[in-house]
Structures are given as structure tokens and as C-alpha cells.
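Novice: Pasting in a structure now, in C-alpha cells, and then I'll have a few things to ask.
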Amino acid sequence: MNVEKLSKLPPIEIGFRIDPELPVIPLAMQVSRAGCAAPHSHPRGQLIYASNGVMKVVCRRDVWVVPPSQAVWVPPEIEHEVYFPGDVSLRNLFIDPSVVADLPLECAVIKVTPLLRELILRAMEVGEAYTAGSAGHRLMLVLLDELRRAEPTALHLPMGHDQRLQRVMEVLLKDPGDRRELEQLAPLAGASPRTLARLFVRETGLTFGTWRKRLVLQEAIERLGTGQNITRVAFDLGYQSLSAFIAMFRQALGASPGQYLRLESKSAGENG
């Protein structure tokens with residue numbers, strides 16, 4: 001995704017409103033090929049949910065590609081960027097700092113259960129037209145309880161801080177289909193393959209092979225989410241055969257790319 005070609009979105013002003021009487025302020029948006037104008041943060045926490053479409057989130061250099069079955073939690077005052085490579089039905093929940101104590105302290109992608117999905121969509125109907133003790137207020141408290149119970153997903157791409165490691169990561173981020181091994185990438189980093197292998201594990205918790213597989217999966221999900229042909233995606237990402245790409249995808253996500261797309265389309269359809 002070339003973020004330079006995306007429309008620029010300014011920070012949303014609601015994120016800067018502090019009001020414990022409104023623990024959750026919902027905001028629905030339709031977004032198409034757009035992204036944050038710059039990394040930003042705000043006093044309210046933010047749950048970002050695309051009920052239709054795929055988004056990419058960058059938080060403290062870690063990267064997530066998020067389909068409609070998941071949502072992103074961004075704590076208060078944590079710098080982040082969000083990008084929407086296609087058409088997205090966006091559902092935001094801006095959460096007052098007075099009620100975030102039991103929510104994650106770092107950015108996280110969470111699984112959206114059917115109950116959480118319905119609560120989010122109902123919150124959009126209520127908006128901010130509620131008062132303490134009202135039915136709308138009680139709905140927001142239940143929504144917060146469900147958020148606290150939400151399970152995180154593991155398919156994010158942790159980034160490193162060591163400059164040698166960053167050089168390798170930047171090369172692969174620009175071209176996820178680059179199939180060179182550490183032996184070929186090491187001269188770019190100014191480090192030995194063994195040193196780079198240790199850096200990947202120490203700074204990301206993943207081996208080089210696992211990290212690159214996650215990068216490929218994220219890129220595949222993003223491209224498939226914008227309607228690209230599965231065969232084209234497979235070959236663009238360095239696979240010599242479609243079957244090998246499908247096998248990797250199925251092993252990682254429990255479904256073939258086609259099945260995955262159908263499941264996500266069904267999820268989006270249920271969201272309305």
C-alpha cells in the first residue's frame with residue numbers, strides 16, 4: 001500500500017473531549033482510500049472497528065492488518081496511525097480516560113465476538129445522546145465490560161529498534177515478495193546472518209522466518225481485502241505456485257484465502 005496516494009485524515013476532535021459523564025462516545029464514518037495525516041494521540045482511548053473492509057494500524061512501530069472480525073484498541077495518549085486501502089465502514093468508540101483502567105495498556109487487536117459486534121452497532125445508534133443512569137448509559141457500561149473480556153489476536157507484526165534489524169525490515173516492508181534469506185540480506189544490514197537471527201528473536205519474539213510469514217500474511221489479507229486476484233497475490237508475494245501459497249495461508253489462519261474471504265464477507269454482511 002502506497003500511503004502517499006491516500007487521502008489525509010486529520011485527528012478526530014472527539015478524541016480530545018474529556019467527560020466522565022460520557023464514558024463512550026461512538027462515531028460512525030465511511031472512509032475510502034484514506035489514512036492519518038500524521039501519527040497522533042489523544043486523551044480518550046479509541047476502539048477502531050471496520051464493520052466492512054480492511055485497515056492497517058501502526059502503533060509504536062508495530063503493525064496490524066485488521067479484517068472485519070477484529071478491532072483495534074488504542075489506549076489514551078498512545079501515538080498511532082491508521083490507513084484504509086479500500087472502502088471501509090468505520091465504527092469508532094472514543095473511551096474516556098476515567099474508565100480505561102482495566103483495558104490493555106498497549107495497542108492491541110481484539111477478536112470481535114457476535115455480542116461485542118452488536119453492542120458496537122447499537123452504540124452507533126445511541127450516539128452521545130444519553131445521560132447517567134439512562135438505557136444508553138447502561139449499554140455503554142455493558143460494552144465496556146465486553147471490551148475488558150475481549151481476547152487479543154496474535155497476528156501482528158512487531159518491529160525492532162536496532163538499526164541493523166530495521167534496515168532488513170524496511171527492505172522487506174517495501175517488497176514483501178522479496179524471498180532473500182538472511183545470508184543475502186545481511187550485507188544490507190552490516191551484520192552477520194547469525195547476529196540478525198538473534199536480533200529478530202530478541203526484539204520481536206519471532207524467528208526471521210516466522211516474522212516474514214506474518215508480513216506476507218498481512219500483505220495478502222490487505223490485497224485480498226481490496227479485491228485483488230488470489231493467484232496474482234500469491235505470485236507477487238514470491239510464491240512459485242498457488243498451491244504453496246494456499247497451504248501456507250491455511251496453516252496460519254485455518255482457512256484457504258477463498259474461504260477466509262467468504263468468512264469475512266459473511267461477517268461484514270451480518271454487521272450491516
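No value in this document is a laboratory result; all are computed from the given coordinates. No experiment lies behind these values; they were computed from the predicted model shown. Positions of Cβ are generated from backbone atoms using ideal geometry, with glycine treated the same way; all protein chains shown enter the neighbour counts.
Novice: Residues in region 222-237, backbone N under 17 Å from the label point at R33 (7 Å along the Cα-to-beta-carbon vector): list them, ranges by number please.
Specialist: Those under the cut-off are 223-229.
Novice: Let me ask something else. Express the relative contact order of region 3-149 as a whole percentage, based on alpha carbon pairs under 8 Å and six or more residues apart in sequence. Please list the in-between numbers first.
Specialist: On the way: 319 pairs, mean separation 41.4, N = 147.
Relative contact order comes out at 28 percent.
Novice: Can you list the trypsin sites (Lys or Arg not before Pro) in region 70-178 that are in a DSSP coil and have 13 or fewer other beta carbons within 10 angstrom? Don't jump to the answer; show the numbers that get you there.
Specialist: On the way: sites: R91, K111, R117, R122, R138, R148, R149, R164, R167, K174; in loops: none.
Passing sites in region 70-178 do not exist.
Novice: Separate question: Once whole DSSP H runs in the chain are found, which of them have Cα atoms spread over 15 Å or more along the helix axis and a mean Kyte-Doolittle score of at least 1.0? Write out the running numbers ahead of the final one.
Specialist: Numbers: long enough: 114-126 (18 Å, 0.77); 135-149 (21 Å, 0.19); 163-174 (16 Å, -0.14); 193-204 (16 Å, -0.30); 208-225 (25 Å, -0.31); 242-253 (16 Å, 1.35); 257-271 (21 Å, -1.22).
What comes out of the filter, once short or polar helices are dropped, is 242-253.
Novice: Compute, for region 3-149, the length of the dipole vector about the Cα centre, with Cβ point charges of +1 (Lys, Arg) and -1 (Asp, Glu) only. Units Debye, rounded to 20.
Specialist: Working: 15 positive and 17 negative charges, 85 e Å.
Here region 3-149 has a charge dipole of around 400 debye.
Novice: Mind listing the long-range amide H neighbours of V112? Cut-off is under 5 Å, sequence gap 5 or more, other chains count too, H placed in the peptide plane at 1.01 Å from N.
Specialist: Hits under the 5 Å cutoff: Q70, A71.
Novice: Among bridges DSSP assigns within region 1-75, what percent are antiparallel (round to 5)? Please report the intermediate quantities before stating the final value.
Specialist: Working: 9 of 12 bridges.
Approximately 75 percent, going by the DSSP bridge assignments.
Novice: Quick one: work out the % antiparallel among DSSP beta bridges in the chain, nearest 5.
Specialist: Numbers: 39 of 42 bridges.
Just about 95 percent of them are antiparallel.
Novice: Using the alpha-carbon centroid of each, what span in Å lies between region 14-62 and region 168-220?
Specialist: Answer, in whole Å: 30.
Novice: Let me know the charge dipole size of region 173-247 about its Cα centre in debye, to the nearest 20, where only the beta-carbon of Lys, Arg (+1) and Asp, Glu (-1) is charged. It would help to have the intermediate numbers written out before the result.
Specialist: Working: 11 positive and 8 negative charges, 36 e Å.
So the magnitude is around 180 debye.
Novice: What's the lysine pair count for the chain at a Cα cut-off below 19 Å, pairs eight or more apart or interchain? Don't skip to the answer; put the middle values down first.
Specialist: Details: K5/K56; K5/K174; K8/K56; K56/K111; K56/K174; K56/K213; K111/K266; K174/K213.
Qualifying lysine pairs in the chain: 8.
Novice: Compare the Cα positions of T113, S134, L47 along the charge dipole of the chain (+1 at Cβ of Lys, Arg; -1 at Cβ of Asp, Glu; about the Cα centre) and return the one farthest towards the positive end.
Specialist: T113
Novice: Let me ask something else about it. How many nm is it between the label spots at D102 and A247, if each spot is 7 Å from the Cα in line with the beta carbon?
Specialist: Simple spin-label model gives 4.6 nm for this pair.
Novice: Would you kindly state how much longer the chain becomes between T113 and L206 on full extension, computed as 0.36 nm times their sequence separation minus their alpha carbon distance, in nm to one decimal?
Specialist: Details: separation 93, 0.36 × 93 = 33.48 nm, distance 2.76 nm.
Stretched fully, the T113-L206 segment lengthens by 30.7 nm.
Novice: Could you pull out every Cys in the chain that lacks a partner Cys with its beta carbon under 4.7 Å away?
Specialist: For the chain, the answer is C36, because their Cβ atoms have no other cysteine Cβ under 4.7 Å.
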